[in-house]
1. Write out the chymotrypsin sites (Phe, Trp or Tyr not before Pro) in region 225-314 meeting two conditions: DSSP loop, and at most 12 other Cβ atoms within 10 Å of their Cβ.
2. Could you work out what % of the accessible surface of region 207-279 is carbon and sulfur, using a 1.4 angstrom probe and leaving DNA, RNA and ligands out of the count?
3. What is the distance, in nm, between label points placed 7 Å from the Cα along the Cα-to-Cβ direction at VAL178 and at LYS246?
4. Would you mind computing Rg(Cα) / (2.2 N^0.38 Å) for region 132-238, counting N as its residues?
5. Hey, if you drop one equal point scatterer on each alpha-carbon of region 397-509 and run the Debye formula without solvent, what base-10 log of I(q)/I(0) do you get at q = 0.14, 0.21, 0.22 Å⁻¹?
6. Out of region 219-315, which trypsin sites (Lys or Arg not before Pro) are coil in DSSP terms and have no more than 16 other C-beta atoms within 10 Å?
7. So if I take the alpha carbon set of region 186-333, get Rg, then get Rh from the Kirkwood formula, what is the Rg over Rh ratio?
8. Between LEU151 and ARG300, what's the calculated FRET efficiency when r is the beta-carbon distance and R0 is 41 Å? Round to 0.05.
Amino acid sequence: MERSIIIIGGGIAGLAAGCYGQMNGYRTRVFELHDLPGGLCTAWERKEYIFDGCIHYLYGSGPGQPFNNIWEELGALHNRPILHHQEFMRVVDVDGRAFTLYADPDRLEEHIRELSPADAKMGKRFADGVRQFLSFDMSRLTTKPRSLMTLADWGRFFGGMMPYLGPLLRWWPLTAEVFGRRFKDPLLQKALPLVFGWGEIPMMAALTQLAYMHNHNGGFPAGGSLEFARAVEKRYLELGGELHYKSQVEKILVENGRAVGVRLYNDEIHRADYVISAADAYKTIFDMLDGRYVNRAIRRMFDGHLMILSQVQVSLGVDRDLSADPHWVTYLLDQPVLIAGEAHTSIGVKHYCFDPSLAPAGKSIVEVMIRSHYDYWQRIYGHRLYDTEQIQVSDILIDLLEKYYPGIKDQIEVSDVATPLSYERYTGNWQGSTCGWLLTKPSMLLLLLGVSKRLPGLQNFYLAGQWVEPGGSLPLAAASGRNTIQLICHADGKPFVTATPAPVSVTPG
């Protein structure tokens, strides 16, 4: 008899679980609260512009590189051009001096030496760090769930890590903020914590990121995040999976300590042999399951000691060609600016002219993203102040843009503001988090040790997605969905198998 799986959430983790479930002979059904696939891997259209909300770089974009096998199995990159950047970001000081974070370690070393001769030695150390991780395979962490690894598996894992023992021990204790303080130049001191998004990111992860970009394994899939998600959706449907949109799960049904199905908000009941939640973990554990299956470790994960990222994204469609400008720049401000109750000393500006499919010819998409606390927006939600504050934030950021791109204010054709509550409303993510747990030293330790996909006292139920794979990247989310099916196959005593779709030939013209 065909065994069945219900999957809550149609993001990348949920769709991946569905794909691998179908490959292994299960009948799978995905229930998604939104009317689009992808979850946080999404984009939205405003007039002629497509505002991207997720991918900056994609691990696994290079053929034969780490994580690429997952995207091949999920059909995510078939016939999809990959766009690569030589520089990750530029940081411009108030006096106009600029630091460019090149992915190429040779260019990076030379650039730092020219920018600050006094920091030449530190620049070489930085570039050598990138070189040391050029062949580092992060996907070893996701090949198989930790609980299923045999002694031979662990032997291969540690054997593969041994060549990197020295670099790992050298870079593991350092965060970007700590490393930045070792430079003498004030611009470099300020830039290092900014270029990687947050100062608490472990340098080991930051160096791997640059190494992957240099190897063309961290590119941008043409068409952006939503088209990428639609490709995985297409693969899932072709495998025979069922996908139900606008179908929000209210409760997970439990009988005799086993998950047996779900009840939707419209009171429909659907039953299955297994339930996987690839939705928000907090809502799953404490709302859908009423907090009945928790222990001290689970409570601690949500006690606030692990960092999350909530943000405001202001997206603009402008009648201006910015293709000659750096695609991502962080500008240091001469005076702090108060935005949504917080003082900011810099703003990051990104345009998407490198992908002409996202805007009309000769025009550009500009996005400004700033960290912003969920609590601030939650307090004013439901009041007129919420709408007023969105307008005010947008106006402040546009005024700052005018300083760096004179005339752009009058060239704006369409604008959009997404707050932490927007992310919560459309994806259900706890406190509007954009990537689960931020990658910091505590969360990286959780990633290395592995977070359980099971809940204590509950059988036939699994968690998948960014909350059980700290770091928040798309390949980890997809691998999480893959791993849950490995666990289910093991429980049913059957081998786990994968399949890659046959390439589709494209006829020119």
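1. On the way: sites: PHE228, TYR236, TYR245, TYR265, TYR274, TYR282, PHE286, TYR293, PHE302; in loops: TYR245, TYR265, TYR293, PHE302.
Counting only loop positions with at most 12 other Cβ atoms within 10 Å, the chymotrypsin sites (Phe, Trp or Tyr not before Pro) in region 225-314 are TYR265.
2. Values: 1230 of 2930 Å².
Carbon with sulfur: 42 percent of the solvent-accessible area.
3. A separation of 5.2 nm, rounded to one decimal place.
4. Numbers: Rg = 17.9 Å, N = 107, 2.2 N^0.38 = 13.0 Å.
Cα-based Rg divided by the globular estimate yields 1.38.
5. Normalising to I(0) and taking log10 leaves -0.84, -1.15, -1.20.
6. Values: sites: ARG230, LYS234, ARG235, LYS246, LYS251, ARG258, ARG263, ARG271, LYS283, ARG292, ARG296, ARG299, ARG300; in loops: LYS246, ARG292.
Passing both the DSSP loop test and the Cβ count: LYS246, ARG292.
7. 1.06
8. Working: r = 30 Å, r/R0 = 0.73.
The formula returns an efficiency of 0.85 here.
The values are calculated or read from the model by the stated rules, or taken from the named source; none is laboratory data. Only a predicted model underlies this, so the values are computations on that prediction, with no experimental measurement involved. Note that each Cβ is placed from the backbone with ideal geometry, even for glycine, and that neighbours are counted across all protein chains shown. Ligands, DNA and RNA are stripped out before the accessible areas are found, and what is left, the full protein with its side chains, is counted by its heavy atoms. Shrake-Rupley method; radii C 1.70, N 1.55, O 1.52, S 1.80 Å.
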